[in-house]
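S.K.: Here it is: the structure, laid out below.
The values are calculated or read from the model by the stated rules, or taken from the named source; none is laboratory data. Every value quoted in this text rests on a predicted model; they were computed, and no experiment measured them. Cβ placement follows ideal geometry from the backbone for every residue including glycine, while neighbour counts extend to all protein chains displayed. Accessible surface is based on the protein model in full, side chains and every heavy atom, while ligands, DNA and RNA are left aside. Shrake-Rupley method; radii C 1.70, N 1.55, O 1.52, S 1.80 Å.
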Amino acid sequence: MRDFALAPRTISRSSGGLADSVFERAELDPTLPVLARRPEGSSGGWQEVTAVELRDEVVDLAKGLVASGISPGHRVAIMARTRYEWTVLSYALWTVGAEVVPIYPTSSREQVEWILRDAGCVAVVVEDEQAVMTVGSVCASLPRLRHVWQLDADALEELAERGGMIPLATVESLRRIVLPDSTAVVAYTSGTTGHPLGCALSHRGLASPVDTLLEGWRHITAPQGQQPSVLAFLPFSHVYGLMIQGVCIRGGLLMAHEPDLSEEALAAALQSFRPTYFYAVPSVFEKIYKNFLRASQQSGRGVLFE
């Protein structure tokens with residue numbers, strides 16, 4: 001538990017893009033913990049990442065993206081579960097003016113091919129070797145696709161090294177030309193018939209509802225004087241997950257990630273991270289309720305639970 005005499009300040013509505021929140025937070029509260037991550041292979045303790053550490057990671061990755069030819073307006077797909085790298089990568093892409101195209105990691109070969117081709121993606125970031133094989137099987141029909149980066153093969157570390165010679169001024173100049181109405185995300189709807197359709201969401205379109213949520217509901221996210229914390233586990237491939245990410249980054253909430261949606265993994269993450277605020281879709285709350293009810297009945301405490 002981390003106590004605060006004053007709540008972290010909410011990032012003011014800016015005239016630029018979503019990435020500005022990372023840089024502004026680093027200026028306002030450089031030592032504020034904004035993300036928590038578990039060491040590789042660990043299922044227990046969490047390591048806090050401060051606002052200035054996050055900014056530096058975003059800058060290093062943004063330099064690598066520039067060195068790899070990613071420019072404003074380029075579309076880059078992220079095909080991964082909800083994990084720490086998703087957040088760092090998305091803000092690095094927004095820093096250089098690129099557009100994020102989320103793809104569910106369980107998407108079929110046909111769905112992946114359609115989205116990458118329809119969006120005109122120049123790069124795609126995947127999690128593992130299986131996803132690399134899925135993308136590789138459709139590369140022949142994707143003439144604009146130039147890069148396939150694999151998270152589990154240290155792709156982000158390699159990108160950061162590649163950008164070592166890119167000056168900070170280049171990244172700053174790219175960030176400052178991003179406008180509120182520039183496209184930040186192209187989200188594909190599942191639909192009921194035909195191919196999924198891409199919906200272009202602007203930086204303003206994501207930031208404005210996030211600011212409204214913070215203004216009206218921030219006071220319920222943690223007891224007074226305590227930094228709110230959130231365990232992100234729903235897919236960032238969906239706009240709901242992206243909004244939660246935005247609430248945390250813009251509002252100074254501490255955010256951890258849990259990519260495994262199994263009951264055991266989620267329960268363990270909730271116990272070890274102990275978030276002050278929990279969000280989900282109704283089906284998740286219903287499932288949790290039924291599990292608690294079943295456990296209480298089996299232990300003879302069903303009446304007390306009710």
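S.K.: Looking at the structure I just gave you, is Thr106 out of contact with any strand residue (DSSP E or B) (no Cβ under 6 Å at 6 or more places or on another chain) and free of Cβ contacts under 8 Å to residues at least 60 places away in the same chain?
M.R.: Judged against the criteria, Thr106 is a match.
S.K.: Pairs under 6 Å by beta carbon, first residue in contact (Cβ under 8 Å) with a residue 12 or more places away in the chain in segment 20-39, partner of a type in the set (Ser, Thr, Tyr) and open to solvent by less than 20 Å² (accessible area, probe 1.4 Å), six or more apart or different chains?
M.R.: Qualifying pairs under 6 Å: Val22/Tyr91; Arg37/Tyr84.
S.K.: Tell me, yes or no, whether segment 249-272 has at least one residue that is modelled with pLDDT of 90 or more and β-branched (Val, Ile, Thr).
M.R.: yes
S.K.: Could you tell me which of the residues Ser283, Ser296 is open to solvent by 60 Å² or more (accessible area, probe 1.4 Å) and among the small types (Gly, Ala, Ser)?
M.R.: Ser283
S.K.: Which of the residues belonging to segment 82-118 are over 17 Å from Leu234 (Cα atoms), within 19 Å of the chain's Cα centre (by Cα) and charged (D, E, K, R)?
M.R.: Glu99
S.K.: Right, next: Step by step: first the residues of segment 38-55, then only those that are under 17 Å from the mean Cα position of the chain (by Cα) and surrounded by fewer than 18 Cβ atoms within 10 Å (Cβ to Cβ), then the one that is nearest to Ala98 (Cα to Cα). Which residue is that?
M.R.: The extreme case among them is Glu53.
S.K.: With the requirement that a residue be at pLDDT below 95 and either touching a Lys or Arg at 6+ places or on another chain (Cβ under 8 Å) or not in a strand (DSSP E or B) (or both), what does segment 180-203 give you?
M.R.: Hits for segment 180-203 are Thr189, Ser190, Gly191, Thr192, Thr193, Gly194, His195, Pro196, Leu197.
S.K.: List the residue pairs whose Cβ atoms are under 8 Å apart, where the first residue sits in segment 151-162 and is farther than 15 Å from Thr87 by Cα and open to solvent by 90 Å² or more (accessible area, probe 1.4 Å), the second is hydrophobic (A, V, I, L, M, F, W, C) and modelled with pLDDT of 95 or more, and the two are 6 or more positions apart or on different chains.
M.R.: Close Cβ pairs satisfying both conditions: Arg162/Ala67.
S.K.: Something else about it: Please identify the pairs in which a residue from segment 204-230 that is farther than 20 Å from Val34 by Cβ has its Cβ atom under 6 Å from the Cβ atom of a residue that is of a type outside the set (S, T, N, Q), counting only partners at least 6 apart or on another chain.
M.R.: Qualifying pairs under 6 Å: Arg204/Pro180; Arg204/Asp181.
S.K.: So, one more: Looking at Leu89, Leu145, which is the one that is surrounded by 15 or more Cβ atoms within 10 Å (Cβ to Cβ), farther than 30 Å from Glu24 by Cβ and in contact (Cβ under 8 Å) with a residue 24 or more places away in the chain?
M.R.: Just one listed residue meets the conditions, Leu145.
S.K.: Can you tell me which condition Ala187 does not meet? The list is (1) within 21 Å of the chain's Cα centre (by Cα); (2) free of Cβ contacts under 8 Å to residues at least 60 places away in the same chain, and all the others hold.
M.R.: The single condition Ala187 does not satisfy is (2).
S.K.: Among the residues of segment 95-126, which ones are of a type in the set (Asp, Glu) and either part of a strand (DSSP E or B) or surrounded by 21 or more Cβ atoms within 10 Å (Cβ to Cβ) (or both)?
M.R.: Correct list: Glu99 only.
S.K.: What number of residues within segment 149-179 satisfy the criterion of being outside any helix (DSSP H, G or I), more than 19 Å from the chain's Cα centre (by Cα) and under 14 Å from Gly64 (Cα atoms)?
M.R.: 2
S.K.: I'd like the full set of residues that are open to solvent by 10 Å² or more (accessible area, probe 1.4 Å) and out of contact with any Leu (no Cβ under 9 Å at 6 or more places or on another chain), limited to segment 215-234.
M.R.: Residues satisfying the conditions are Glu215, Gly216, Trp217, His219, Ile220, Pro223, Gln224, Gln226.
S.K.: With segment 204-306 as the region, which helices (runs of 4 or more DSSP H) entirely inside it contain at least 3 residues that are over 17 Å from the mean Cα position of the chain (by Cα) and under 30 Å from Val112 (Cα atoms)?
M.R.: 263-273, 282-298
S.K.: Same structure, new question: Residue check, Val132 against (1) surrounded by fewer than 16 Cβ atoms within 10 Å (Cβ to Cβ); (2) more than 25 Å from Phe23 (Cα to Cα); (3) free of Cβ contacts under 8 Å to residues at least 24 places away in the same chain, all met but one. Which one?
M.R.: (1)
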